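Structure first, then comments.
Derivation of every value follows stated rules applied to the coordinates shown; laboratory data play no part. Bear in mind that the values here come from a model prediction, so they are computed numbers and not experimental data. Virtual Cβ from ideal backbone geometry, glycine too; neighbours counted across all protein chains shown.
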There are 2 protein chains.
Amino acid sequence: MENLSGLKYICMKKKTKKILKKISNRGRETPFSPIRKFVPLLEKVKKRGIKVYEIHIGQPDIASPVQILEKIKSFKGKKLAYTPSTGTSELKLAWKKYFKSVGINFDVSEIIATIGGSEAIFFAFTAVCDPGEEIIVFEPFYTTYNSYASMVAIKLVPLRTFAKNGFRLPKKEDIERKITRKTRAILICNPNNPTGTVYTKKEIKNVIDVARKHNLFILSDETYREFVYDNQKHYSIMDFKLGRPRAVLLDSVSKRFSACGVRIGCLVSKDKEVIKAVTKFTQARLSLPVIEQRAIVPILENGRKYTKRIIDEYKKRRDTVFKELKKIPGVRCREPKGAFYLIAKLPVKDSEDFTKWLLTKFSFKGETVMVSPASGFYATKGMGKDEIRIAFVLSSSKLKRAIKILGKGLQQYEKAISRK
Amino acid sequence: MENLSGLKYICMKKKTKKILKKISNRGRETPFSPIRKFVPLLEKVKKRGIKVYEIHIGQPDIASPVQILEKIKSFKGKKLAYTPSTGTSELKLAWKKYFKSVGINFDVSEIIATIGGSEAIFFAFTAVCDPGEEIIVFEPFYTTYNSYASMVAIKLVPLRTFAKNGFRLPKKEDIERKITRKTRAILICNPNNPTGTVYTKKEIKNVIDVARKHNLFILSDETYREFVYDNQKHYSIMDFKLGRPRAVLLDSVSKRFSACGVRIGCLVSKDKEVIKAVTKFTQARLSLPVIEQRAIVPILENGRKYTKRIIDEYKKRRDTVFKELKKIPGVRCREPKGAFYLIAKLPVKDSEDFTKWLLTKFSFKGETVMVSPASGFYATKGMGKDEIRIAFVLSSSKLKRAIKILGKGLQQYEKAISRK
């Protein structure tokens, strides 16, 4: 029963009506993070003394660079004050140097430092879309895009990509079919989270062609830029003369410098109107955290050695995971060429149920494993129900063990399901 | 000239059309921060060797507590990792203890740690309003409310408050007149930025009565809670039994602990739906900055002594500013009872022009002063054109000098204007 202002009555006492205050639709509909959703179960299973191999979340186990830790400790200021909203010149210069080291040239005025790559995503969505407007995405995609789309009240229009061909981008004509009067941008994540796909020159050119034809922005999340294996070459959107003018590059220090907790990212664009809009957004939230902003500078300016070392390590992990998964009957996956994830198809009907079961009803020699059910990486309901995402965030030997346990889990789960 | 998809042509070359990509309306319409707007001019005037007394921005000059600085340096972790999205239990417990010390009882489950009070404002707006919905505010108000309202596409419905009566809140009937089917909340800032007003029990009860009658949330920004002078008593929204169930409390460590750069705030509510929605929002941005989150805990748990000391200092400054302003012919202001700002009416037509003039065309014995024109603190266009906000963020002796320079500036500006 609804009253005039759309509120529900929960009960009628004598003459008093108790009325629920209504939170917003976006407050109600924003999804919980599918990656973080089962953390309460994780806590419970740990309390039961079971060891959990956590390969659900992209939180590297690798030690952060000592340069950051030392710079934190060396802070001598007496005042923890506001800093310029778009980042200190020191930080923006460091980003400029970083980009130069990977062959991309930006002016400092084209760089905005953000509180993590997350904020870059939020700002980009808000700068290019009004409520109800649309961004084309390729699913499966990074779950945070879903959350922010809901929060800023825009629509992600998904195009499927398929495990069977390595989650390659669709043909131009298929992308164009999704364009409406409300489409404002195409969003790509390259190398891709969660699929590990590294896009070819052709794939990126196709996106650029469509964007030019329909005058769209291209939001390019390149957080995993250096994470490419097997002599793959990574092409940034900024490598393409025709892509550059309409590109909004989103990036983060989190993965390449194993520093997820410092919350430093950036939004970079040659489009002056985008930079102007995002500058205003940064002023709303005043400034970045002062300590991390300063501490990240040395490694950001000069981090190639550190990054190279950890890429080699991630490659070994990728090899291990893929090799071990291939041993499990019924599991299908392709070898990812980038990032540090893969999507595996399992012989289950509901991977969310399987994920929960692994945490609540299963253990193998006192151990279990936590993965991410892939349905949360899709905008289209019902997709990814038989898929999981695995993150290579443990050592190769632990990953080997984790995948073995996964295999045991699948065996027992199949039996448990067939008994129902 | 607009084409079918609403884009503008900027020129027609032979057969090629060059088309501007269109950023969002909200990207275009979000205002620049009126407080930060003149910073480029500030940089220029400093380069000319002129000393500037900066009383435009609420950035305390006071040293941050040593407890924070020591805790930063004592970080021994090897990994700068993600932390729980709503804050570590340590931080949330520290907030709980802080609130208890000021007589407010919360359960840890009712507390969400945010990246500054700014993020608390953003989350609150997004949790209670869908695009196009409305929040009643009392102007003049903190400029960031305007920015976030634009970014999240909601409408702030302003009710004027008046210098001549100390910016007291309007009568109940006047507040009710502004309520529409789209109104979802009333927002108060108490003690008030920019006016320094401390609301009475009656004023807050009026807001609660209206909110209950129309089933609205009450967003209460209490960042300046301890900043009350002259034996004023501060009443939190949480002191009112009938206010509590519909309150969303917004707070920050920035001002009471002179730690604006650490970016730690909170959103607290007994409304479980609000907490649920905001929890999901925090998961989108993953986590708080790891170093500051840890470093703020000791002072947050046990900061009364530090806060008491700085309040005494701010009182002296308040006294000085008020006393010196009264000496300047044509300047009108009331003595603020809280926060660390005041709004002064000047004998000028356009305080924004005057502010710029002070930075570009004026100096007195090699010195000038930077203030905030007050028009940016109003939603209603044309308001505040003869007002400025002054922040008590320098020592009393410097403030005395600053106000004297302001007086000289006004004299010369009057002459300059009359010569035009």
Antiparallel bridges, percent of DSSP beta bridges restricted to the protein assembly as shown (to nearest 5): 50
Per-copy distances of the A:Asn231 label point, shortest first, in nm (7 angstrom along Cα→Cβ): 8.5
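Mind giving me the FRET efficiency for B:Ser397 and B:Glu43? R0 is 22 Å, r the Cβ-Cβ distance, nearest 0.05 is fine.
Working: r = 25 Å, r/R0 = 1.15.
It comes out at approximately 0.30.
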Cβ-derived FRET efficiency at R0 45 Å, A:Glu335 paired with A:Lys356, nearest 0.05: 0.95
Chain A, relative contact order in percent, only Cα pairs under 8 angstrom and at least six apart counted: 23
Cβ-derived FRET efficiency at R0 60 Å, A:Lys78 paired with B:Phe240, nearest 0.05: 0.95
Relative contact order for segment A:85-149, counting Cα pairs under 8 Å that sit 6 or more residues apart, in percent: 28
Proxy reagent accessibility, fewest Cβ within 10 Å first, across A:His56, B:His234: B:His234, A:His56
Packing-based exposure ordering (other Cβ within 10 Å, fewest first) of A:Lys420, B:Lys270: A:Lys420, B:Lys270
Averaged over B:210-217, number of beta-carbon atoms from partner chains that fall within 10 Å: 2
Two-site label geometry, A:Phe32 and B:Lys349: point separation in nm, points 7 Å out along Cα→Cβ: 6.1
Charge sum, other residues only, whose C-beta stays under 13 Å from A:Phe362's C-beta, Lys/Arg counted +1 and Asp/Glu -1: +4
Burial ordering of A:Arg160, A:Arg177, B:Arg419, B:Arg294, fewest other beta-carbon atoms within 10 Å first: B:Arg419, A:Arg177, A:Arg160, B:Arg294
Between segment A:32-77 and segment B:168-202, the alpha-carbon center distance in angstrom: 43
Additional length obtainable on full extension of the chain from B:Ser89 to B:Lys213, 0.36 nm per residue less Cα span: 41.0 nm
Added length on full extension, which subtracts the Cα-Cα distance from 0.36 nm per residue, B:Gln411 to B:Lys323: 29.8 nm
Average other protein chain Cβ within 10 Å of Cβ, residues A:71-83: 6
Spin-label proximity, A:Lys51 to segment A:322-357 - amide N less than 20 Å from point 7 Å beyond Cα toward beta carbon: A:324-325
Radius 13 Å from Cβ of B:Asn105, net charge of other residues (Lys, Arg +1; Asp, Glu -1): +3
Neighbourhood charge, 10 Å Cβ-Cβ cut-off, centred on B:Phe167 and excluding it, Lys, Arg +1 and Asp, Glu -1: +3
Average partner coverage of A:290-299, which counts Cβ from other chains inside 10 Å: 4
